[in-house]
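Worksheet: the structure to be examined is printed underneath.
The values are calculated or read from the model by the stated rules, or taken from the named source; none is laboratory data. This is a predicted model, so every value here is computed, not measured. Reconstructed Cβ throughout: ideal geometry from the backbone, glycine too, with neighbour counts over all protein chains shown. Keep in mind that these areas ignore ligands, DNA and RNA; they rest on the heavy atoms of the full protein, side chains included. Shrake-Rupley method; radii C 1.70, N 1.55, O 1.52, S 1.80 Å.
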Amino acid sequence: YTPLVAAIEVEQHAFIHKVKGTDRALYGPFLVQLTADKLAVITVHALINRTVTAGQYGAPFASMCRVIAEAIEAEVNLRELKNKYGKDFKHIYSKLTANGTLSTRKINMRARLALEDGQWDEAIKMKLGAVLINTSCQALEAKFTDAYGNERIEPAFTHSMDQLSYRTMMGHVRLHPELKERFMSAGGLSESNPRNLPMLVEPRPWTKFDKGGFLKLRSRVMRFKGSRSQVDALRDASLDRVFEGLNSLGRVRWRINAEVLDSVQQAWDAKLEVGDLPKQVDYEVPPVGEWSAEQKEEELDSWRKANYLHKRAKQMNSDLHSLRCDTQIKLGIAQRFKDEEAFYFPFNMDFRGRAYPIPPNLNHLGDDMSRGVLTFAEKRELGERGVFWLKVQLANLAGFDKASFADRAAWTEGRMAEIYDSARRPIDGDRFWATCENPWQALATCKEVVRAYESTNGHPERFLSDQPIHMDGSCNGLQHYAALGRDEEGGREVNLLDGEKPRDVYSGVCAIVVAKLAALAKDKPKGPGANKESVKTHELAKLVDGLIDRKVVKQTVMTSVYGVTFIGAKRQIQNRLEEKFENVYESPDEAEQVAYECSGLVATVTMDALHELFQGARNTMAWLGNCARLVSQQGHPMTWVTPLGLPVSQPYRRGGIMTVRTCLQTVQVVHQNDDLNVNVQRQRSAFPPNFVHSLDSTHMLITALKMEAQKIPFTAVHDSYWAHGCNVDEMNRALRSSFVELYSQPILEDLLLNLRVRFPKVDFPEIPERGSLKLPDVRNSTYFFN
């Protein structure tokens, strides 16, 4: 701290005495607005807060500059407001601290309205933040001692430019790794900002777009940036049903599953690699020297391999640190709420209408550990059907989810010894639960199964259970496309129609891909029809023949619904093929190269298989994209209204990027507002997936309203719907009837009519021909959500 104060004083002195320096005349007037000690406190506080929990590369430089500069701006503005209002400043200050906190954002917003110079220029913020970061990197050092007692002094913070991808470089600020570990071991990450925590009382009901959620902290019902038109649309819309759907989600009472939390904490304290807990010991980083022109050419391959392994180990350790920080924050919040009888998650939405809990760290949208330590606060008697669904739940969490419900329940019944061992000895036992796909949730379910049998003298149907049971959609995006286009064949593949057991669309696509690649690999092209391209295809097919499985194609099938491009699909498949080839080729570079060459062929075959199975979905997707292209060519963003009356506007615009040169690097500052030109390409490509997301959120909210009308606790993670075991049958009926009711409306016809009214001179294409799917059949589909 003291060296930084001295260094800032030197910089201030240089400006006052007009010593020349890069951009000093620009940032200097702002640097001298506060004393050096205040500037040092603000800078160090911001640097530590951001870099301790930063990801693998560190805190983004541009974001770090803005945070520091806006904190200084707020301090200056607070002083100027006090000078302007004098005795009346107490009234202003009480308004600024009405919710118990005094934030940078609130001070600066007030200053923009009350002061002539209340808003600083973005370029100045970047330059001011940069000089303080640079000064900190040079002035702040820390002393470290090795195992032999040798001391060394190294910079506490460093700035670097990192290659994020082939074309992307980004600046980051890092805290020294050993200092990070000190903060972690001291428990500095276990506390979270109060605005990020769950609520101990029921959230304030949403009544307006900016009134609801937390009692005092201000939040909006929709998350977006820079769109005045979106604000105006929300103000004017009738959102009563949307509000009530969000309110019903917010009224669900939660508590911490103390037994599971104790097991998590025990595993974490013992540094066990159990479940999805991250390793607490770094990977060994193999040494590698700099390549020298004097080295022999034949040594290049071995040096490249060593350099690759060195960089990969360093990146893996950075990833581990980020995961450890995240885990400690979640565990800290869970321990803090462990003894509470109940707490709540207020909800709001993204711009498409998808619902999210506002507290971001520990919630049921999080990872397996987060879901494992959370349970409903209300207990309900299981009943016979609840016992059945509890058994199905465990099979699902274990990954045995492609069989019939009866077979899943039987699977659980056949493993009661392992389940009892897991419940009674979660850490010291055989850890059957840890072999499941979702281990911490599986452990919670094992404990619930055992409690149900042991506490009721063998009558588990009488047990009062608080365990949430999940029902998940089957590639839900394709389900919505199939309903829009009445695509019977596509609908059958994603379980809109009944069957003896669930159909797995990923396995279906994989089977087609495997068959086509086997055919291509079988016989080498000969004769007049053979050419270099067909021979090359044959050779590539031979390389991947027998290696393609469900995992290779799954991500591409999932994202096909959201408009994945061929390049995107190729990259996804390349990543999976690299994993396959790691065991085939000794050199990582060779494995990467072969995966790159083969990925194009596998991506092409996969996309062809998707076209065969889901032609109706592809037609609807193309029609939606064409409509968005025509609208954006008129200079307007694509906007629509969901069946629940929520107005949606796509935010994608061009320009708004200002380049600022600072003392450390060049920074690009992005502005978002309605005056910028729309990005035609982004508007077109993003509309089909965004439109479907707005419909899946509508389906969920309609289901929430139906469950609320029956006084049944209900929540969801997008297309995963949750209820007590005794209420799963009611939830299944509600979600199916909601889906049928939703798609019985003329959704595409209403969209087309709206577009033609708004743009009468534009020739919009007709809606693609519908298939023969009968929507009411969805009500009888056993595995629609399963």
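List the equivalent ellipsoid semi-axes of region 203-298 in whole Å, largest first, each obtained as the square root of 5λ for an eigenvalue λ of the Cα gyration tensor.
Details: eigenvalues 493, 170, 20 Å².
Sorted largest first and rounded, they come to 50, 29, 10 Å.
List, in the order given, every pair from LYS125/LYS180; LYS522/LYS580; LYS208/LYS706; LYS522/LYS551; LYS143/LYS180; LYS330/LYS447 whose Cα-Cα distance in the structure shown is over 25 Å. Before the final figure, lay out the partial values.
Working: LYS125/LYS180 27 Å; LYS522/LYS580 21 Å; LYS208/LYS706 22 Å; LYS522/LYS551 23 Å; LYS143/LYS180 14 Å; LYS330/LYS447 22 Å.
Over 25 Å Cα-Cα: LYS125/LYS180.
Say the dipole of region 265-402 comes from +1 at the beta carbon of Lys and Arg and -1 at that of Asp and Glu; which of ALA342, LEU277, VAL387 then lies farthest toward its positive end?
The Cα lying farthest towards the positive end belongs to VAL387.
How would you rank 335-342, 70-77, highest first, on the average number of other Cβ atoms within 10 Å across their residues?
Numbers: 335-342: 14.2, 70-77: 21.8.
Per-residue mean Cβ counts within 10 Å order the peptides as 70-77, 335-342.
Leaving ligands, DNA and RNA out of it, report the carbon-plus-sulfur percent of the accessible area of region 496-618 at a 1.4 Å probe.
Working: 3340 of 6440 Å².
Reported share for carbon and sulfur atoms: 52 percent.
As a check on your grasp of the helix formula, calculate [θ] at 222 nm for the chain: sum -39500 (n - 2.57) over DSSP H runs of n ≥ 4, divide by the residue count, round to the nearest 500.
-17000 deg cm²/dmol
Once you charge only the Cβ atoms, +1 for Lys and Arg and -1 for Asp and Glu, what is the size of the charge dipole of region 727-786 about its Cα centre, to the nearest 20 debye?
Numbers: 8 positive and 9 negative charges, 17 e Å.
So the dipole magnitude of region 727-786 works out to roughly 80 debye.
Among THR703, LEU773, HIS364, which residue has its Cα positioned farthest towards the positive end of the charge dipole of the chain, with +1 placed on the Cβ of Lys and Arg, -1 on the Cβ of Asp and Glu, and the dipole taken about the Cα centre?
Toward the positive end, the furthest listed residue is THR703.
Suppose R0 equals 51 Å. What FRET efficiency, 1/(1 + (r/R0)^6) with r the Cβ-Cβ distance, do GLN266 and LYS526 give to the nearest 0.05?
Numbers: r = 65 Å, r/R0 = 1.28.
Result of the calculation: an efficiency of 0.20.
At 0.36 nm per residue, minus the direct Cα-Cα distance, what do GLU582 and ARG779 gain on full extension? Give it in nm, one decimal, please. Could you put the intermediate results ahead of the total?
On the way: separation 197, 0.36 × 197 = 70.92 nm, distance 4.61 nm.
That pair, GLU582 and ARG779, stretches by 66.3 nm at full extension.
Bin all alpha-carbon pair distances of region 376-499 at 10 Å intervals from 0 and give each bin's fraction as a whole percent.
Distribution as computed: 13, 38, 28, 15, 6, 0 percent.
Along the charge dipole of the chain, Cβ charges K/R +1 and D/E -1, which of HIS17, TRP254, ASN495 sits furthest on the positive end?
It is HIS17.
In debye, nearest 20, what is the charge dipole magnitude of region 390-464 about its Cα centre with +1 on Lys and Arg Cβ and -1 on Asp and Glu Cβ, if you could check?
Magnitude of the dipole: close to 120 debye.
Between ASP282 and VAL201, with labels modelled 7 Å along Cα→Cβ, what's the label distance in nm to one decimal, could you check?
Once both label points are built, they end up 4.7 nm from each other.
Restricting to bridges with both residues inside the chain, how much of the DSSP beta-bridge set is antiparallel, in percent to the nearest 5? Don't skip to the answer; put the middle values down first.
Working: 44 of 46 bridges.
Given both bridge residues lie in the chain, the antiparallel proportion sits at roughly 95 percent.
Principal axis extents for region 649-770, Cα atoms only, whole Å, descending order, please.
On the principal axes, region 649-770 reaches 63, 47, 21 Å in Cα extent.
Order of 245-255, 775-785, 643-653 by packing, highest average Cβ count within 10 Å first? Provide the component values of the computation, followed by the final result.
Values: 245-255: 22.2, 775-785: 17.5, 643-653: 20.6.
Output ranking for 245-255, 775-785, 643-653: 245-255, 643-653, 775-785.
Given +1 on the Cβ of Lys and Arg, -1 on the Cβ of Asp and Glu, and no further charges, what dipole in debye does the chain carry about its Cα centre, rounded to the nearest 20?
2600 debye
Efficiency by 1/(1 + (r/R0)^6): what FRET value for GLU151 and LEU26, r their Cβ-Cβ distance, R0 = 41 Å, to the nearest 0.05?
Efficiency at R0 = 41 Å is approximately 0.55.
Accessible area of THR327, 1.4 Å probe, to the nearest 10 Å²?
Only protein atoms counted, so the area is about 10 Å².
Check the straight Cα-Cα distances from LYS774 and name the lysines below 22 Å, setting aside those fewer than 8 residues away within the same chain.
The reachable lysines, counting only those whose Cα sits under 22 Å from LYS774, are LYS501.
Bins of 20 Å, beginning at zero and ending with the bin holding the largest distance: percent of Cα pairs per bin for the chain, please.
P(r) for the chain, in whole percents per bin: 13, 41, 38, 8, 0.
Using amide H atoms built in the peptide plane, which far-off residues or other-chain residues are under 5 Å from ASP162 H to H?
MET170, GLY171, HIS172
Please report the projected area of region 660-716's Cα convex hull averaged over all directions, in nm². Intermediate results must be reported in sequence, preceding the final value.
Values: hull surface 31.3 nm².
Dividing the Cα hull surface by four gives the mean projection, 7.8 nm².
Can you send over the carbon and sulfur percentage of the accessible area for region 665-720, probe radius 1.4 Å, protein chains only?
44 percent
In square nanometres, what is the average projected area of the Cα convex hull of region 311-398? Don't skip to the answer; put the middle values down first.
Numbers: hull surface 36.4 nm².
The number I arrive at for region 311-398 is 9.1 nm².
Determine how many Å³ per residue the convex hull of the Cα atoms of region 272-421 encloses. Walk me through the intermediate numbers first.
Details: hull volume 37.6 nm³, N = 150.
Per residue, the Cα convex hull of region 272-421 comes to 250 Å³.
Between ARG253 and ASP401, what is 0.36 nm times their sequence separation minus the Cα-Cα distance? Round to one decimal in nm. Before the final figure, lay out each step's value.
Values: separation 148, 0.36 × 148 = 53.28 nm, distance 2.83 nm.
Here the segment from ARG253 to ASP401 would lengthen by 50.4 nm.
Within 10 Å, count the other beta carbons around each residue, average over each peptide in 27-34, 634-641, and list them highest first.
On the way: 27-34: 18.6, 634-641: 17.1.
Highest-to-lowest ranking by the protection proxy: 27-34, 634-641.
In what order, largest first, do ARG218, ARG736 sit by accessible area if the probe radius is 1.4 Å? Please list the in-between numbers first.
On the way: ARG218 160, ARG736 15 Å².
Reading off the accessible areas and sorting them downward yields ARG218, ARG736.
Which FRET efficiency value, to the nearest 0.05, do you get for GLU273 and GLU181 by plugging their Cβ-Cβ distance into 1/(1 + (r/R0)^6) with R0 = 25 Å? Walk me through the numbers before you get to the answer.
Working: r = 18 Å, r/R0 = 0.73.
Once rounded, the FRET efficiency stands at 0.85.
Relative contact order for region 300-456 using alpha-carbon pairs under 8 Å, separation at least 6, rounded to a whole percent? Write down the numbers at each step before the final one.
Numbers: 138 pairs, mean separation 26.7, N = 157.
So the answer I get is 17 percent.
Based only on Cα atoms, what mean projected area does the convex hull of region 239-285 have, in nm²? Provide the component values of the computation, followed by the final result.
On the way: hull surface 24.8 nm².
The number I arrive at for region 239-285 is 6.2 nm².
Could you provide, to the nearest whole Å², the per residue accessible area of the chain with probe 1.4 Å? Don't skip to the end; give the middle numbers.
Numbers: 37370 Å² over 786 residues.
The answer is 48 Å² per residue.
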